[in-house]
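**Q** Encoded as structure tokens, here's the structure I'll be asking about.
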Amino acid sequence: ITSTFKTLSNTAYVICSIDTAAKSTFDLYVGKSAVDNYGKEAYDAVQAIDTSKTIYVGSGEEFTKIRDAVAYAMLHKGTHIIVKRGTYDIISEWGGSGAMPSAGLGMYIGNNTTLEFEKGAEVSCIYEGGNATVEENFSIFNGSTPADPYPNFKIIGFKCMAKNIRYCVHDEMSSRNTPYTHEYIDCEMYLDNTQSSWTSPQCIGGGLGKNGRILVQNCIFDGNIPNDGQLVTYHNHWDSDSYSDITITGNYFIKGTCEFANYGQQSEWTNCKVYNNSFTAPPVVEDVSGGDYPDKMRLFAWNNEIRS
């Protein structure tokens, strides 16, 4: 698959040559300003080209920062990122603690990206700048924005040590109306928020989209929580005709458990399947106080170890 941009006056063409059985070639017209600003027409045009390229992050590789590799993947659908052995300091990738207030929510991931960490690759995100905005908003990874037409991702082998940030992954998709799948495989996450203005130490904190599928499998979670605290949480969606599926299986929670919150207005059931995990407290469905939220998170739990 090849593509080039040609600009003439106020117009631009994306010339796409696609190797298919028909050997078809087509021109796709978009506006120049859209190309320049990554507007919707240009974005959709680029996303229609599935390059499925594998890129590498590490010393001497094409990318040395995870942040840059993920930004590339968000413009190239189907990218497979392989992070080589080594320690990656996310605070340094953003320019140090002093630059963090401009970092916003952190990295967005989606666009059918697979993010795979080699054994021996570790992420550090220790924020000690004391800015409450950073502590309450920044996460290492975030679910993609509504502008992303392909919001799926798979994260494999993500090992992180984080401190004084919102979550390791903020899997927030509550403004997403199209189907998506998010997978976490063989990850290890730790979050310490004992010195943060944001006291919820979720490794994964999520808000479901209108039709999402979540898989959390063979991961290890830990954090500064009591034994009955929650390290993985999801709440339901705001549209009434929403429904999702969550599967949490084969995980070990050094402390705590997982929680599914009735915080939304969906009228359809979301099934939460939790099995073959080890917790220090049972998984729970909870109602969020302060609103009239339908009870539509349905928990199916079996073969889980609850350690004392």
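**Q** Give the cross-link partners of K77 among the aspartates and glutamates, using a straight C-alpha distance below 13 Å as the criterion and excluding same-chain residues fewer than 8 apart.
**A** D44, D50, D148
**Q** While we're on this one: Greater than 31 Å separation of Cα atoms is the criterion. Which listed pairs, K65/K210; K65/K296; K53/K210; K53/K119, meet it?
**A** Listed pairs above 31 Å: K65/K210; K65/K296.
**Q** Under 1.5 on a/c is rounded, so check that first for segment 206-250, then, if it is not, pick prolate when a/b is larger than b/c and oblate when it is not; a ≥ b ≥ c are the square roots of the alpha carbon gyration tensor eigenvalues.
**A** oblate
No lab work stands behind these numbers, since they all come straight from the coordinates. Everything quoted here is computed from the prediction, not taken from an experiment.
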